[in-house]
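A.B. asks: The structure is given below, and queries will be raised subsequently.
Values in this text are rule-based calculations from the coordinates and carry no lab data. Note that this is a predicted model, so its numbers are computed, not measured. So basically every Cβ, Gly included, is an ideal-geometry build from the backbone, and we count neighbours across all protein chains shown.
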Amino acid sequence: MFVHITGTGSYLPKRVVTNAELAEKLDTTDEWIFTHTGIRSRHIAADDETTSAMAVQAARQAIQSAGLTPDQIGLIVVATSTSDYHSFPSTACLVQEAIGAKNAAAFDLQAACTGFIYALEAARGMMQVNPCPTLVIGADMMSRIIDWTDRNSCILFGDAAGAVVLEASDVPGGIWHSILKADGSGAMLIYREGGSRDLATGPWLQHTLQMNGRAVFNFAVKVFDEILCGLLKRSGYTFGDLACVLPHQANARIVEAVARRMKVPMTTFYMNMETTGNTSAASIPLALDAAIRTNAIKDDDLIAMVGFGAGLTYAGILMRWRGLAGKPKSEVCPSATCAGKTVTEK
Ligand SMILES: CC(C)(COP(=O)(O)OP(=O)(O)OC[C@H]1O[C@@H](n2cnc3c(N)ncnc32)[C@H](O)[C@@H]1OP(=O)(O)O)[C@@H](O)C(=O)NCCC(=O)NCCS
């Protein structure tokens, strides 16, 4: 059984905030931000928007582009660090209700900016047991949790959602190799207080993201190389075989440093952070959707996705892109409701 991405979708809030606009309130400049990050602008959600509302827009597009209806979805996994509610209900349940995916199980997964790749792999693993069409969403509203007076961090982030539909199929290709890793020793390099730890110090507060930017930069360059080389080594391919690498869109200088370190051309890396900033768990599916819509990725391309973020977490996926060509030719999964395979003990 192969697991293919058969549909993609994305959502960016309407409001665009440029570096120049940030420079009106912060001790920074458009030139500093662009030369240090490759970011010129980002989209910021309206006050009445929510993470689930962004996720719903991306989800509807992804389901439509896969040629499915919401009732055919058997599972929804939302990767987010900025769910609508502190603890519950999950954003995935809110999405399930809003899109009418009445046959779907739903849960959230948190692995910060690596969340989408972790969610893809969690979903792919669950599909081995229950091969239903599955919706995987990365959605984050970082604007709600950053300190808008901290020039070291607030210039980096934006809001967005990206979604994909996974389908199980007999058609060879799809998601092939993956590497998922974590290094909790770096947990305090990016963190946000406001959880159970606060019971020791006082009431739950609206804490903001704290980050050691330089240390995270160095970590990202090192692990990006490790993941990408690891994926290529496992699969027996070389960098030249890749049509496209979709990096987590954190900072263009990170990707440039990786390319220099690996001695590979920048042209293989797909980047859109210039107009989106770092959208955390949404970053890779947002870039994927843009790459598909602009033909930067075509059927039969070998592509890699590499993510890194708080935790520290880092991960990558290697896949043979088939798009709609990867849709089930035989009935791997009954198309309406998917109640799971019946398993007998003997
Ligand atoms: C945050 C980041 C852009 C800072 O860029 P940098 O080149 O590493 O800059 P440094 O932190 O070394 O700081 C250099 C100087 O620029 C200043 N500076 C930082 N942000 C600035 C800004 N927006 N405008 C102007 N100056 C700024 C610093 O205060 C420092 O000044 P000092 O030398 O007087 O102390 C960069 O480290 C980065 O992108 N790190 C990765 C963060 C990330 O990706 N996080 C999410 C991971 S999922």
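A.B. asks: With 10 Å bins from zero, work out the P(r) of region 109-163 over every alpha carbon pair and list the percent per bin.
C.D. replies: The calculated distribution, bin by bin, is 22, 39, 23, 12, 4.
A.B. asks: Considering just Cα atoms, how many Å³ per residue does the convex hull of region 176-322 enclose?
C.D. replies: Per residue, the Cα convex hull of region 176-322 comes to 124 Å³.
A.B. asks: Sorting Y191, Y237 on the 10 Å Cβ count, fewest up front, what's the list?
C.D. replies: With the fewest neighbours first, Y191, Y237 line up as Y237, Y191.
A.B. asks: Assigning unit charges at the beta carbon (Lys, Arg +1; Asp, Glu -1) and nothing else, what dipole magnitude in debye, to the nearest 20, does region 176-322 show about its Cα centre?
C.D. replies: For this selection, approximately 280 debye.
A.B. asks: Related question: Using a cut-off of under 11 Å, list every residue of region 261-276 whose amide N is near the label point 7 Å from the Cα of F239 along the Cα-to-beta-carbon line.
C.D. replies: 261-269
A.B. asks: Full-extension gain between M1 and R293, please, as 0.36 nm times their residue separation minus the C-alpha to C-alpha distance.
C.D. replies: Contour length minus Cα-Cα distance gives 102.4 nm.
A.B. asks: As a footprinting exposure proxy, order H86, H43 by other Cβ within 10 Å, with the fewest listed first.
C.D. replies: H86, H43
A.B. asks: How big is the charge dipole of the chain about its Cα centre, in debye rounded to the nearest 20, if each Lys and Arg gets +1 on its Cβ and each Asp and Glu gets -1 on its Cβ?
C.D. replies: Around 840 debye, computed over the chain.
A.B. asks: So which of K14/K181; K14/K327; K181/K233 end up more than 27 Å apart by C-alpha?
C.D. replies: The pairs that break the limit, which is 27 Å between Cα atoms, are K14/K181; K14/K327.
A.B. asks: Pick out, from A66, A161, N19, the residue whose Cα sits farthest towards the positive end of the charge dipole of region 2-175, with +1 on the Cβ of Lys and Arg and -1 on the Cβ of Asp and Glu.
C.D. replies: A66
A.B. asks: At 0.36 nm per residue, and after removing the present C-alpha to C-alpha distance, how many nm does the segment from F217 to T275 gain when stretched out fully?
C.D. replies: Stretched out fully, the F217 to T275 stretch lengthens by 18.9 nm.
A.B. asks: So what's Rg/Rh here for the chain, counting alpha carbon atoms and using the Kirkwood radius for Rh?
C.D. replies: My calculation puts Rg/Rh at 0.96.
A.B. asks: Right, here's the next one. With a 10 Å radius around each residue's Cβ, average the other Cβ atoms per peptide and rank 288-299, 318-329, highest first.
C.D. replies: 318-329, 288-299
A.B. asks: Going by average Cβ neighbours within 10 Å, how do the peptides 277-285, 101-109 rank, with the highest at the top?
C.D. replies: Highest-to-lowest ranking by the protection proxy: 277-285, 101-109.
A.B. asks: Working from Cα positions, state the angle (0 to 90°, nearest 10) between the long axis of helix 51-65 and the longest principal axis of the chain.
C.D. replies: Helix 51-65 and the main axis of the chain meet at about 40 degrees.
A.B. asks: Can you grab the distance from the C-alpha centre of region 173-193 to the C-alpha centre of region 205-234, Å, no decimals?
C.D. replies: Each part's Cα centre sits 8 Å from the other's.
A.B. asks: Suppose each label sits 7 Å from its Cα in the direction of the beta carbon; what would the E256-L26 distance come out to in nanometres?
C.D. replies: 1.9
A.B. asks: While we're on this one: Measuring from label point to label point, each 7 Å out along Cα→Cβ, what is the L324 to E97 span in nm?
C.D. replies: The answer from the label model is 3.4 nm.
A.B. asks: Tell me, what does the Kirkwood hydrodynamic radius of region 1-138 come to in angstroms if you use every pair of distinct C-alpha atoms?
C.D. replies: 16.4
A.B. asks: Seen from all sides and averaged, what is the projected area of the convex hull of the Cα atoms in region 140-191, in nm²?
C.D. replies: Quarter of the Cα hull surface area: 6.0 nm².
A.B. asks: Figure the gain on full extension for R144 and A182 (residue separation times 0.36 nm, minus the Cα-Cα span) and round it to one decimal in nm.
C.D. replies: Length difference between fully extended and current span is 11.1 nm.
A.B. asks: Rounding to the nearest 10 and keeping the result within 0 to 90°, find how far the Cα-based axis of helix 213-235 lies from the longest principal axis of the chain.
C.D. replies: 20
A.B. asks: Also: Packing-wise, with mean Cβ within 10 Å as the measure, how do 116-126, 218-228 rank, highest first?
C.D. replies: By packing density, highest mean first, the sequence is 116-126, 218-228.
A.B. asks: Roughly what angle does helix 115-129 make with the longest principal axis of the chain, taking Cα atoms, 0 to 90 degrees, to the nearest 10?
C.D. replies: Orientation of helix 115-129: about 20 degrees from the principal axis.
A.B. asks: Over its Cα atoms, what ratio of radius of gyration to 2.2 N^0.38 Å does region 110-242 give?
C.D. replies: The value comes to 1.30.
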